[in-house]
Amino acid sequence: MPIAIIPIADQYKLDLHNQGWVLSSFAVGYMSSQVIGGSAARKYGGKSVLTMAVILWSLSTLMVPFFADSINALIISRVLLGLGEGLGLPTVFHIFAHTIPVEERSRAFAYLVAFGSIGQTVAALVCPHLHWPWMFYSFGFLGFIWVLVWCFFYSETRQEEFVQPPKVNSTNVRWTEFLCHWPLWSMYLAHFSMNWSNYIIMQWLPTYLTRHLGADAHHIMSTAVPYIMNSLLGVVAGHFADSLVANKWTVLSVRRLMTSVGLLGPGVFILFFSMVNNLPLAVLFVSISLGLSACNSAGHLSNHPEVAPNHAGITFAVSNTLATIPGITCGPLTAELVTQSHGRWFPVFIIAAGVNFVGAIIYLSQSAASQVL
């Protein structure tokens, strides 16, 4: 949608505020289904929940071209996409918490994040060459092919058996417990901070490069570069973090190191990005920013199974729900800031950097790697 919104806006005369709401409407649905996904996976198993999730988001993707002439219908289709995708990641975290031991966890989450970025890379390379409805037809159809492969090849026999059983098998926990521990809040706020800058890049980078730096359709393919960098650095960071654990670093020190790099680094480079008017240099800085952000996969994102092994799907769901608030606010807020500052984007990026810095400080001071739930 960040690529398609440009021709859609031209065809249906959407102003910047309408574009902002279309881009942010996904996050409304995404936030709404996070906790449902984490709870349902624990109750019904990861395979069935993930199957339903991908069917829903693939169908809603296919619907977009049919509803694009109505702003309200377009927003609803994006909300449904978010509902489907919101079920997905908590379910994956539930599966990972049960099947992956701690010494392999950093790189497992790194590959998860990296392959997501590969998908975004493919989209950034392919979509500028497609008439915009075919962007949605193609990826919606690929989702249904994935469902067939998933149902045929994935076996759920090991999912509910912990590879490394938790010290305390606390199955009955009050909901307030998920909001009463600073180690949990440190993960929640680090995730919120990471997503603030990431959502701005994901939602607005094609528009920023086109409207502010004069990029054409060929140059828009350069939006694939940040996602390539994110994939590569994420995998490297995951293997590096696991090697530190194998070399007797404490798990907590590794999580704090990777989260610090994953929040402070992107904060610095998004400021550099905002200060340049040269297209190649801007792409370089935003690529480094998004690339370093992938280090969070070996940081706070890998921390959930250690702090709450019995409830990693739910704690991640709570975390991702809070971290989706930027996805809702960044669309209209960015449009308002740019409009009120007469086309200047610097306020958008300096706020993003500040949020990253605050998140890093909180995680460094409050995080833990021992079980609290």
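The values are calculated or read from the model by the stated rules, or taken from the named source; none is laboratory data. All values reported here derive from a predicted model rather than from experimental measurement. Note that we place each Cβ from the backbone using ideal geometry, even for glycine, and neighbour counts take in every protein chain shown.
Table for the structure above
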read-out	value
Selected residue (criterion: surrounded by the most Cβ atoms within 10 Å (Cβ to Cβ)) from residues of region 122-159 that are of a type outside the set (A, V, I, L, M, F, W, C) and more than 18 Å from THR51 (Cβ to Cβ)	PRO128
Selection from region 82-121 of residues that are within 30 Å of VAL64 (Cβ to Cβ), of a type in the set (Ser, Thr, Tyr) and surrounded by fewer than 19 Cβ atoms within 10 Å (Cβ to Cβ)	TYR111
Residue check for THR223: in contact (Cβ under 8 Å) with a residue 24 or more places away in the chain, touching an Asp or Glu at 6+ places or on another chain (Cβ under 9 Å) and not aliphatic (A, V, I, L, M)	no
Meets criteria (at pLDDT below 90, of a type outside the set (A, V, I, L, M, F, W, C) and within 23 Å of GLY86 (Cα to Cα)) for GLY313	yes
Residue satisfying condition, being of a type in the set (A, V, I, L, M, F, W, C), under 27 Å from SER287 (Cβ atoms), in contact (Cβ under 8 Å) with a residue 60 or more places away in the chain and in contact with a Pro (Cβ under 6 Å, 6 or more places away or on another chain), within set PHE136, PHE109	PHE136
In region 288-319, residue surrounded by the most Cβ atoms within 10 Å (Cβ to Cβ) [restricted to those that are small (Gly, Ala, Ser) and closer than 12 Å to SER260 by Cα]	ALA298
Members of region 340-357 found to be assigned to a helix (DSSP H, G or I), among the hydrophobic types (A, V, I, L, M, F, W, C) and surrounded by 16 or more Cβ atoms within 10 Å (Cβ to Cβ), listed by number	VAL348, PHE349, ILE351, ALA352, ALA353, VAL355
Out of PHE144, PHE139, PHE192, sole residue that is assigned to a helix (DSSP H, G or I), at pLDDT 95 or above and closer than 30 Å to LEU16 by Cβ	PHE192
Residue identified as outside any loop (DSSP other than H, G, I, E, B), farther than 23 Å from ILE361 by Cα, modelled with pLDDT of 90 or more and among the hydrophobic types (A, V, I, L, M, F, W, C) among LEU301, LEU337, LEU290	LEU337
Residue satisfying condition, being of a type in the set (Val, Ile, Thr), modelled with pLDDT of 95 or more and in a helix (DSSP H, G or I), within set THR223, THR259	THR259
Given (1) part of a helix (DSSP H, G or I); (2) free of Cβ contacts under 8 Å to residues at least 40 places away in the same chain; (3) closer than 29 Å to ASN303 by Cα; (4) among the hydroxyl-bearing types (Ser, Thr, Tyr), index of the condition SER155 fails	(1)
Residue count, region 15-71 (criterion: surrounded by 19 or more Cβ atoms within 10 Å (Cβ to Cβ) and either of a type in the set (Lys, Arg) or part of a loop (DSSP other than H, G, I, E, B) (or both))	3
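Residue by residue, here is whether (1) closer than 26 Å to ILE328 by Cβ; (2) at pLDDT below 90 holds:
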| position | (1), (2) |
| --- | --- |
| ALA40 | yes, yes |
| LEU50 | yes, no |
| VAL54 | yes, no |
| LEU81 | yes, no |
| ARG105 | no, yes |
| ALA108 | no, yes |
| MET135 | yes, no |
| GLU156 | no, yes |
